[in-house]
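The values are calculated or read from the model by the stated rules, or taken from the named source; none is laboratory data. Since we're looking at a predicted model, the values are computed, not measured. Cβ placement follows ideal geometry from the backbone for every residue including glycine, while neighbour counts extend to all protein chains displayed.
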Amino acid sequence: MSIPNKTKIPLLIVSGVFLGLIIATILMSSTISDGNVNPKNNNIELYDTPYQVFQPTVPTEVWFADEKVPIEFFDVYESLDRELIINTYRHSSTILYVKRAKRYFPIIEPILQANGIPDDFKYLCVAESGLDHAISPAGATGFWQFMKTTGREYNLEVNNYIDERYNIIKTTSAACNYLNNAYKKFGNWTLAAVSYNMGMAGLQRRLDQQKVDNYWDLYLTPEPARYVYRIVALKIVMSNPELYGFNIPTEDLYHPINYYPIIVDTTINNLQEFALKFGINYKLLKIFNPWIRDTMLMNRSGKEYTLIIPDTTARVR
């Protein structure tokens, strides 16, 4: 079947089109070869020294909760090295952790001490939430990431009006109770720490199946396998931020804000008006009492609740 003359394309024209495409491709590829980019395209001339990346320092001795981390073994060393690299070069997140620690560690540390929990566990809180009122995809909530059922099991009130998983003081105490129970079960703070991620029953099954008695020799799925290493890496970086490139002036840290407690045992129908009585606005009342989940505080039983009232200068940097 013949093609009408008007649809025929001269071979010379077709060849010319393909030749043009080939030449354009060659010209484009000449600017980028083997990963070498034309300096003018990435503005290297704007900088005296090109950006450089360094291997984070791995300490010669590492401890967690008075337990020596056996970094002489290659698998332990490389697992810790990985988390040090990640937390050193996750710049925005790690900067925020260091800044928030200045405000929240003074609240967390004395509660850990009063409950006999090693101070290093404050970094578990960082690993869990970044010292923020985070909510995980599974519904774990607050600084210590309690699920609803676990929170209630550890005497945290969780309902439509109140969610004490957002109460830093109460949830830190609840976390201490869990960790003390885990320590009694496993006799080891490192195992207590990883049980916080995977549960005591799940951890016990893995220990029994693999016939080992410590975290460092235990084969786990990726999340719990990295969990304690992440906590240890956060401890190392946050204890020595300048060594890992985080030069944050003291005045740029989030310093503690003065406040005083108010005990109430009745319903507060209008929290906006309640805030104004103490010289603050509703926004500040909610920032300092995020565990109140409504515009009112329902209290039919006469239970005592402690509300935090920030100093009236709290908004001043």
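Which is modelled with pLDDT of 95 or more, among the aliphatic types (A, V, I, L, M) and in contact with a Ser or Thr (Cβ under 9 Å, 6 or more places away or on another chain), of Met200, Met147? Full working, then the answer.
On the way: Met200 fails: in contact with a Ser or Thr (Cβ under 9 Å, 6 or more places away or on another chain).
Among Met200, Met147, only Met147 is modelled with pLDDT of 95 or more, among the aliphatic types (A, V, I, L, M) and in contact with a Ser or Thr (Cβ under 9 Å, 6 or more places away or on another chain).
In a loop (DSSP other than H, G, I, E, B) and either within 19 Å of Thr57 (Cα to Cα) or touching a Ser or Thr at 6+ places or on another chain (Cβ under 7 Å) (or both) - does that describe any residue in the range 216-227?
Our first condition is that a residue be in a loop (DSSP other than H, G, I, E, B); within the range 216-227, this holds for 218-221.
Filter once more, keeping what is either within 19 Å of Thr57 (Cα to Cα) or touching a Ser or Thr at 6+ places or on another chain (Cβ under 7 Å) (or both): none.
No, because not a single residue in the range 216-227 is in a loop (DSSP other than H, G, I, E, B) and either within 19 Å of Thr57 (Cα to Cα) or touching a Ser or Thr at 6+ places or on another chain (Cβ under 7 Å) (or both).
State all residues of the range 181-220 that are in contact (Cβ under 8 Å) with a residue 60 or more places away in the chain and among the small types (Gly, Ala, Ser); if no residue qualifies, say none.
Residues of the range 181-220 that are in contact (Cβ under 8 Å) with a residue 60 or more places away in the chain, as a first pass: 188-190, 193, 196, 216.
If the condition is that a residue be in contact (Cβ under 8 Å) with a residue 60 or more places away in the chain and among the small types (Gly, Ala, Ser), then Ala193 is the only one that fits.
Can you name every residue in the range 186-201 that is of a type outside the set (Phe, Trp, Tyr), surrounded by 15 or more Cβ atoms within 10 Å (Cβ to Cβ) and assigned to a helix (DSSP H, G or I)?
Narrowing the range 186-201 to residues of a type outside the set (Phe, Trp, Tyr): 187-188, 190-195, 197-201.
Still in the running and surrounded by 15 or more Cβ atoms within 10 Å (Cβ to Cβ): 188, 190-195, 197-198, 200.
Result: Thr190, Leu191, Ala192, Ala193, Val194, Ser195, Asn197, Met198, Met200.
Exactly one of these conditions fails for Ala314: (1) closer than 18 Å to Lys170 by Cβ; (2) assigned to a loop (DSSP other than H, G, I, E, B); (3) in contact with a Leu (Cβ under 7 Å, 6 or more places away or on another chain). Give me its number.
Checking Ala314 against (1) closer than 18 Å to Lys170 by Cβ; (2) assigned to a loop (DSSP other than H, G, I, E, B); (3) in contact with a Leu (Cβ under 7 Å, 6 or more places away or on another chain), the one that fails is (1).
Report every pair of residues separated by at least 6 positions or lying on different chains whose Cβ atoms are under 9 Å apart, first residue within the range 272-288 and free of Cβ contacts under 8 Å to residues at least 60 places away in the same chain, second in a loop (DSSP other than H, G, I, E, B) and among the small types (Gly, Ala, Ser).
From the range 272-288, the pairs are Ile280/Ala314; Leu284/Ala314; Ile287/Ala314; Phe288/Ala314.
Mind listing whichever residues of the range 144-201 are basic (Lys, Arg) and more than 20 Å from Ser129 (Cα to Cα)?
Pass one, the range 144-201, residues basic (Lys, Arg): 148, 152, 165, 170, 184-185.
Across the range 144-201, the qualifying residues are Lys184, Lys185.
Quick one: Tyr244 ticks every box in (1) at pLDDT 95 or above; (2) outside the structural domain of Asn87 (by TED's automatic domain parsing) except a single one, so which number is it?
(2)
What residue, of Asp294, Asp265, is outside the structural domain of Ile85 (by TED's automatic domain parsing) and either closer than 30 Å to Gly187 by Cα or touching a Gly at 6+ places or on another chain (Cβ under 9 Å) (or both)? Steps first, please.
On the way: Asp294 fails: either closer than 30 Å to Gly187 by Cα or touching a Gly at 6+ places or on another chain (Cβ under 9 Å) (or both).
From the options Asp294, Asp265, the qualifying one is Asp265.
So which residues in the range 76-98 are touching a residue at least 12 places away in the same chain (Cβ under 8 Å) and charged (D, E, K, R)?
Across the range 76-98, the qualifying residues are Asp81, Arg82, Glu83.
From Tyr305, Tyr219, Tyr227, grab the single residue that is among the aromatic types (Phe, Trp, Tyr), at pLDDT 95 or above and within 25 Å of Tyr97 (Cα to Cα).
Result: Tyr227 is the single residue among Tyr305, Tyr219, Tyr227 that is among the aromatic types (Phe, Trp, Tyr), at pLDDT 95 or above and within 25 Å of Tyr97 (Cα to Cα).
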